[in-house]
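The values are calculated or read from the model by the stated rules, or taken from the named source; none is laboratory data. Quantities reported herein were computed from a predicted structural model and do not represent experimental measurements. Counting neighbours? That spans all protein chains shown, and the Cβs are built from the backbone with ideal geometry, glycine included.
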Amino acid sequence: MATSTIQFAPNLTQAQENDEHEMLHRWMRLEAEELTSISHIKRFTEYYEADPEFRNNIVISPAQTVAKYNLKIPLEEIRWLWDKEFAKSQQAQGIPFPPSIQRFIDYENAHNQWVDRWRSQMPDSDPRFQSWRDRQMARLDGEISKLMNAQIAHSPVCFELSKGCSVGCWFCGISAPRFSDIFTYTPENAQLWREVLEVVKEIGGPAAGAGFCYWATDPLDNPDYENFVKDFHAILGAIPQTTTAQPMKDPARLRSFLKFSDSKGFAYHRFSILSLKILENVFAEFSPEELIRVGLVLQNKESIMNKAVAGRSLEKQQKAGEFDDNKPVQSTIACVTGFLFNMVERSVKLISPCKADDRWPNGYRVYDRGTFETASDLRVLLERMMTQQMPLGIRSDALLRFRRDLKHENLDDGFKVSTRFLTLKFRHHPLMKELGEIILKGDKTAKEIVAQFEQLGVPTAEINYSLNLMFNRGILDDEPQQG
Ligand code: SF4
């Protein structure tokens, strides 16, 4: 199978980079027996998550159940897959996972690592973009918890190639509007597309390759999707992750796309499954082996996966009086901290995930927005956004206050700010407590705060250092006033 080089961060050591390449190429070159083993365990976990009948039957009659569902998994390994307590007790006795299950776990870890490959680093990107993104990620640790935040890829860019989505899920976490238009692959549009990708590459570096070509859209709504993906790969060096909720719309088309994707190296795609009937059809159409690099997002109502409470799902809960803000639920499905394009409108928004609430019901903040006609316009627009929205340090005229979700408390030698997920302490400086109280009031600019402390003999550099520490930890309010 032909594979092209997958780009990794230039600041990885050569040895690390070789390891990463080796690891991914290994998962692309599995022996037939390994491929069957991993893909059938994967399918087992999907049945288990999606289907209550399967969950029930596997406990009562494991041998008959795996036979009925055509799963090639040795009988003695099945309990490891569904009985967490059993697996824990075995491990407590020093009994490791059976080798095939360990191999499946290693495979899952490898593809998760691939999806997150640019999450914490953006080499060769604009430093303003990188530090803004770092601050947003720091904010989200406290806002939605480190655990939930770790599941967000924070892709630096994504592109809608249509307007709206034809699927119309009742729970859509980003409230996709009705499908209404397509960005077709005409010579003019193709040229603009390639130029836009070049601009994005200039700003985001190779991490822009972690972008993808859908948002409140379904990629398969665009009949030219594959052509756009080919350009994406040629310019950004990666096949963008493709998630569709229409896996049965045109299986031949999907099969051909997956084959093309495989020919370019490791990539991981996803099917959103909206009902058990669709799951049944997908499993009848695609063998476990064919879907080894396709994750299933099991959205059917019987699934044990909880739906995020954002967008239409949040609206529904609020209308029914069922919304409980204290429930620990996934409160956003947004996974971009960067630029969201709509190529039909030629528009771009600067966005970052947040907990969905009345102000940001779709689970992401919009920091800025604009439109462009040409790549040169776009370059000017993005430069303007970065200049205005992404300062590298605190601006002297910025009014400083804490984020609205933070609770401030004084300590003997400083202060702490906390949410129900995270507490950050700022202490060990005689003036830290006073500084916290001033920011809590929220009526002074950075310049005024510095001047006030200067009068007390505190050097400007010292106070600036403390303020920038808070800025970089994402505790200062930067919430846009308008979306
Ligand atoms: S969840 Fe996805 S497929 Fe469903 S309406 Fe929203 S964008 Fe479309």
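Among the residues of the stretch 213-240, those that are touching a helix residue (DSSP H, G or I) at 6+ places or on another chain (Cβ under 7 Å) and part of a loop (DSSP other than H, G, I, E, B) comprise Cys213, Gly237, Ala238, Ile239, Pro240.
The listed residues are Leu340, Leu314, Leu279, and the only one of them that is modelled with pLDDT of 95 or more, part of a helix (DSSP H, G or I) and either within 16 Å of the ligand (Cβ to nearest atom) or crowded, with 19+ Cβ neighbours inside 10 Å (or both) turns out to be Leu279.
The criterion of at least 1 residues that are out of contact with any Gly (no Cβ under 9 Å at 6 or more places or on another chain) and more than 23 Å from Tyr367 (Cα to Cα) is met by the following helices (runs of 4 or more DSSP H) wholly inside the stretch 70-150: 75-82, 84-92, 99-115, 146-150.
Quick check on Thr186: is it within 13 Å of the ligand (Cβ to nearest atom) and of a type in the set (Val, Ile, Thr)? So Thr186 fails the test. Look at the stretch 323-343: where a residue is outside the structural domain of Ser125 (by TED's automatic domain parsing), no partner that is in a loop (DSSP other than H, G, I, E, B) sits 6+ places away or on another chain with Cβ atoms under 8 Å. Could you check, for the stretch 66-86, whether at least one of its residues is within 16 Å of the ligand (Cβ to nearest atom) and of a type in the set (Val, Ile, Thr)? No; the residues of the stretch 66-86 include none that is within 16 Å of the ligand (Cβ to nearest atom) and of a type in the set (Val, Ile, Thr). Taking Arg369 as the residue in question, decide whether it is under 30 Å from Lys201 (Cβ atoms) and either exposed (fewer than 13 other Cβ atoms within 10 Å of the Cβ) or touching a helix residue (DSSP H, G or I) at 6+ places or on another chain (Cβ under 7 Å) (or both). So Arg369 fails the test. Consider Pro391 against the criteria (1) over 21 Å from the mean Cα position of the chain (by Cα); (2) within 30 Å of Ser263 (Cα to Cα): it satisfies all of them except one. Which criterion is unmet? Here Pro391 meets the rest and fails (2). Hey, can you tell me all the residues within the stretch 282-294 that are over 25 Å from the mean Cα position of the chain (by Cα), surrounded by fewer than 17 Cβ atoms within 10 Å (Cβ to Cβ) and not in a helix (DSSP H, G or I)? Passing the criteria: Ser287, Glu289. Checked against (1) more than 16 Å from the ligand (Cβ to nearest atom); (2) at pLDDT 95 or above, Val167 passes all but condition (1). If you go through the stretch 251-269 one residue at a time, do you hit one that is outside any helix (DSSP H, G or I) and under 18 Å from Glu46 (Cβ atoms)? Yes, that holds for at least one residue. Filtered by the rule that a residue be within 16 Å of the ligand (Cβ to nearest atom) and of a type in the set (Lys, Arg), the stretch 245-270 gives Lys249, Arg270.
Beta carbons closer than 7 Å, at least 6 apart along the sequence or on distinct chains, pair a first residue in the stretch 266-291 that is touching a residue at least 24 places away in the same chain (Cβ under 8 Å) with a second that is within 16 Å of the ligand (Cβ to nearest atom) and in a helix (DSSP H, G or I) for Phe271/Val282; Ile273/Leu279; Ile273/Val282.
What's the number of the only condition in (1) over 23 Å from Leu382 (Cβ atoms); (2) touching a residue at least 60 places away in the same chain (Cβ under 8 Å); (3) within 16 Å of the ligand (Cβ to nearest atom) that Arg103 fails to meet? Every listed condition holds for Arg103 apart from (3).
Test Arg384 against the stated conditions and say whether it is buried (at least 16 other Cβ atoms within 10 Å of the Cβ), under 25 Å from Lys349 (Cα atoms) and at pLDDT 95 or above. Here the answer is no, as Arg384 does not meet what is asked.
Every residue, every condition in (1) assigned by TED's automatic domain parsing to the domain that holds Phe372; (2) surrounded by fewer than 23 Cβ atoms within 10 Å (Cβ to Cβ); (3) free of Cβ contacts under 8 Å to residues at least 12 places away in the same chain; (4) within 16 Å of the ligand (Cβ to nearest atom), yes or no:
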{"residue": "Asp181", "(1), (2), (3), (4)": "yes, yes, no, yes"}
{"residue": "Ala190", "(1), (2), (3), (4)": "yes, yes, no, no"}
{"residue": "Ala210", "(1), (2), (3), (4)": "yes, no, no, no"}
{"residue": "Tyr214", "(1), (2), (3), (4)": "yes, no, no, yes"}
{"residue": "Pro219", "(1), (2), (3), (4)": "yes, no, no, yes"}
{"residue": "Ile235", "(1), (2), (3), (4)": "yes, yes, no, no"}
{"residue": "Ile239", "(1), (2), (3), (4)": "yes, no, no, no"}
{"residue": "Thr243", "(1), (2), (3), (4)": "yes, yes, no, yes"}
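Only one of the numbered conditions (1) exposed (fewer than 14 other Cβ atoms within 10 Å of the Cβ); (2) touching a Ser or Thr at 6+ places or on another chain (Cβ under 7 Å); (3) among the β-branched types (Val, Ile, Thr) is not met by Val297, and that is (1).
Of the residues screened, Val115 is not one that is surrounded by 20 or more Cβ atoms within 10 Å (Cβ to Cβ), out of contact with any His (no Cβ under 9 Å at 6 or more places or on another chain), under 21 Å from Phe266 (Cβ atoms) and of a type outside the set (S, T, N, Q).
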